[in-house]
Amino acid sequence: MNTRSSPTLDRPLDRRGFLGLAIGATALAASSGTVQAAPLKTAAKIVIIGAGAGGTALANRLVSRLDGAQITLIDPRQEHLYQPGLTLVAAGLKPAGYVTSKTTDWLPKGVTLIAQKAVAIDPVAKTVSTEGGDTLGYDFLVVAPGLVLDHDAIEGFSLDMVGENGIGALYAGPQYAAATWKAASKFIEEGGHGVFTRPGTEMKCAGAPLKHTFLIDDRLRRAGHRGKAEITYAAHDGALFGVPIVSEKVRMLFGDRTIAPVYHHVLKSIDPGSKRATFTTPEGTDEIDYDYLHVIPPQRAPEVIRQSGLSWADKWTDQGWVECDMATLQHLRYPDIWALGDVAGVPKGKTAASVKWQVPVVEDQILSAIAGREPTETYNGYTSCPMITKIGRAMLVEFDYNNNLTPSFPGIIPPLEELWISWLMKEVALKATYNAMLRGKA
């Protein structure tokens, strides 16, 4: 192990102990499952739409718990994307390749992958149709297709702008996260006005816009150029984060670091020629000039979900999230369908850490339905956000549906303190735990 002291550490000699704690926590997560019973014999046809974190993890768990089931994954993507790493790529801390792997690398024997897009779901006939013309019947369906980044909703913006003329958009994928770092690097060198946005819709990892803001602020300070830059964070409502106590902590950190929040500002359009962003506000529109603009677009359920009749009819109507029970993730009108991950219409839970706790619930629901017993697992809205506040420091923020802080290491890792160990959880241990989850081992 490299034992050189790090410039981000107050006490470099503690590094080995911190690393051991982080790796130990990962090993604990990977081995925390209960002893499994013998596989359940069944001829059930289980279809999972989406081979992201949720769909892949569930397929791995089901294939080891069921004997004879037909488990089919539908997803055209050849690459699996480790989305928690995009923030690190966009800050120049990891290469684009850090977040990509092959979809097939994570799939077990006994699972059939149809590398096509699902284009229709008939919940009455219990079929799924693909863009290649295939129609699959199912006994149980899990919808885990992720979400759609609606870049077209921002007038004047297109993805080919990312990396040029001061525009970043880390959410769009690894190549765009790398291009975001290119644009951010120019801003860090030259200074000016940096504007960081957050959409008005629900979104995956709502802490990511804050992380990028904090990291670019820290990059400016390390370059000795913070005095040449002004930073504005455009919040979509009256808070900086959905959990009040965390929002207040972020507000205090923003004050300490001269990051200026503006509230109830939702990005509407950009004029890349004049470098001007237009926001909708309760009073009308507000135009803000920028030298660096980080764009996070509105986020919605994929078209196949919104056209299937599976979405909520009375909430999130512009976004299309799946109508499901917040504790069981089971569809409220079609009991043989479950939602998993970003697409689930629940108040919290659009993070990889949430998926880790959602997957066992859906697994238990399906196994219970096959076995004819009552399920026992429920999801309480657990969401985790390792909130990076500077390079080498983060807050390990964990909470539930009721905005209660739910720390995994009470008394060891205070959730609202900027700690190196919390950074280590994000930079080292999180990916190891994520990979174990994909394999069905965590």
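Table: residues versus (1) open to solvent by 20 Å² or more (accessible area, probe 1.4 Å); (2) at pLDDT below 95; (3) closer than 23 Å to E418 by Cα.
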residue: K228; (1), (2), (3): yes, no, no
residue: I231; (1), (2), (3): no, no, yes
residue: D237; (1), (2), (3): yes, no, no
residue: E248; (1), (2), (3): yes, no, yes
residue: F254; (1), (2), (3): no, no, yes
residue: R257; (1), (2), (3): yes, no, yes
residue: H264; (1), (2), (3): yes, no, no
residue: D271; (1), (2), (3): yes, no, no
residue: R276; (1), (2), (3): yes, no, no
Pair list, Cβ under 7 Å, 6 or more apart: region 176-199 residue farther than 25 Å from T100 by Cα, other residue open to solvent by 40 Å² or more (accessible area, probe 1.4 Å) and part of a helix (DSSP H, G or I): I188/R219; G191/K228
Subset of region 398-429 that is farther than 24 Å from L253 by Cα and aliphatic (A, V, I, L, M) - its residue that is surrounded by the fewest Cβ atoms within 10 Å (Cβ to Cβ): V428
Subset of region 138-164 [in contact with a strand residue (DSSP E or B) (Cβ under 6 Å, 6 or more places away or on another chain) and either loosely packed, with under 13 Cβ neighbours inside 10 Å or charged (D, E, K, R) (or both)]: D139, D150, E155
Among the residues listed as K117, K109, K126, the single one being surrounded by fewer than 21 Cβ atoms within 10 Å (Cβ to Cβ) and in contact with an Asp or Glu (Cβ under 6 Å, 6 or more places away or on another chain): K117
Of all residues making up region 153-175, the number that are under 14 Å from P298 (Cα atoms), in contact (Cβ under 8 Å) with a residue 24 or more places away in the chain and outside any loop (DSSP other than H, G, I, E, B): 4
Any chance L62 is within 30 Å of R219 (Cα to Cα), among the aliphatic types (A, V, I, L, M), at pLDDT 95 or above and not in a strand (DSSP E or B): no
Residue among R306, R276 that is without any contact (Cβ under 8 Å) to a residue 24 or more places away in the chain, charged (D, E, K, R) and more than 26 Å from G191 (Cβ to Cβ): R306
Subset tally (residues that are open to solvent by less than 20 Å² (accessible area, probe 1.4 Å) and touching a helix residue (DSSP H, G or I) at 6+ places or on another chain (Cβ under 7 Å)) for region 198-214: 4
Single unsatisfied condition, F254 versus (1) more than 24 Å from A183 (Cβ to Cβ); (2) without any contact (Cβ under 8 Å) to a residue 24 or more places away in the chain; (3) in contact with a strand residue (DSSP E or B) (Cβ under 8 Å, 6 or more places away or on another chain); (4) not basic (K, R): (1)
Residues (over 30 Å from P347 (Cβ atoms), touching a Phe, Trp or Tyr at 6+ places or on another chain (Cβ under 6 Å) and of a type outside the set (A, V, I, L, M)) located in region 153-201: G166, F187, H193, G194
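The values are calculated or read from the model by the stated rules, or taken from the named source; none is laboratory data. Predicted model only: the values in this text are computed from it and were never measured. Methodologically, a virtual Cβ is constructed for each residue, glycine included, from the backbone with ideal geometry; neighbour enumeration extends over all protein chains shown. Protein only, heavy atoms only, side chains kept; ligands, DNA and RNA dropped before computing areas. Shrake-Rupley method; radii C 1.70, N 1.55, O 1.52, S 1.80 Å.
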